[in-house]
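Participant: What follows is a structure written as structure tokens; I'll ask about it next.
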Amino acid sequence: MNDSAALHKRAVFAEDLEIGQVIPLGSYSVTEEEIVEFATQWDPQWFHIDKEAAGSGVFGGLIASGLHTLSICQKLVVAGLYDQWNVIAGKSMRDVSFLRPLRPGDTLSGKVTVDNVVFDNRARGLVTITAKLVDAHGNRVLDVVTDAYLHCRPTRGQ
């Protein structure tokens, strides 16, 4: 698919977003096996990969890597927003807050708020969003602010 076809496949352009708009995300349940597998490859600290040792540690059991939690957030944001948005590329992630450990069997869900949209002279907008994830009990697990460039709606002749 060429760039033009991809541009028209996605329904949401930068100017379609409203500051303050809240978009719900889907949910994702994490397993013990997934936590250990992710951590073994990317963050092999003992409280992520050794169930027995983690049981006697400060968390009282295995917890997911913060990077794993952030990856789950990205998966939910892509499925809930970016798959419909005309994203050019991400610019930054900041103010990442790991507020509560993610444990085996936990289910995360959340929402995204559109914080800002700044247009430039290259037919694109820099969109700032805040994603907030909670567990099944409504406890906040993760907050993160992301900036990404989106295409503006093509003008006639494009």
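Participant: Tell me the helices (runs of 4 or more DSSP H) entirely within the stretch 1-72 that contain at least 1 residues that are modelled with pLDDT under 95 and either surrounded by 12 or more Cβ atoms within 10 Å (Cβ to Cβ) or charged (D, E, K, R) (or both).
Facilitator: Filter on the stretch 1-72 gives 3-9.
Participant: Please specify each residue of the stretch 81-95 satisfying the condition of being open to solvent by 30 Å² or more (accessible area, probe 1.4 Å) and under 19 Å from Pro24 (Cα atoms).
Facilitator: Result: Tyr82, Asp83, Gln84, Val87.
Participant: In the stretch 110-138, which residues are touching a Leu at 6+ places or on another chain (Cβ under 8 Å), open to solvent by 40 Å² or more (accessible area, probe 1.4 Å) and under 30 Å from Glu33 (Cβ atoms)?
Facilitator: Listed by number, the residues that qualify are Lys111, Lys132.
Participant: Quick check on my filter: what residues within the stretch 11-43 are touching a strand residue (DSSP E or B) at 6+ places or on another chain (Cβ under 6 Å) and either charged (D, E, K, R) or within 20 Å of Pro101 (Cβ to Cβ) (or both)?
Facilitator: Leu25, Ser27, Tyr28, Ser29
Participant: Would you pick out the residues in the stretch 96-109 that are outside any loop (DSSP other than H, G, I, E, B), over 22 Å from Leu17 (Cα atoms), touching a helix residue (DSSP H, G or I) at 6+ places or on another chain (Cβ under 9 Å) and open to solvent by less than 60 Å² (accessible area, probe 1.4 Å)?
Facilitator: Residues satisfying the conditions are Val96, Leu108.
The values are calculated or read from the model by the stated rules, or taken from the named source; none is laboratory data. Bear in mind the structure is a predicted one, so any value in this text is a computation, not a measurement. Glycine also receives a Cβ, built like all others from the backbone with ideal geometry; neighbour counts cover every protein chain displayed. Note: accessible area is taken over every heavy atom of the protein model, side chains too, but ligands, DNA and RNA are not part of it. Shrake-Rupley method; radii C 1.70, N 1.55, O 1.52, S 1.80 Å.
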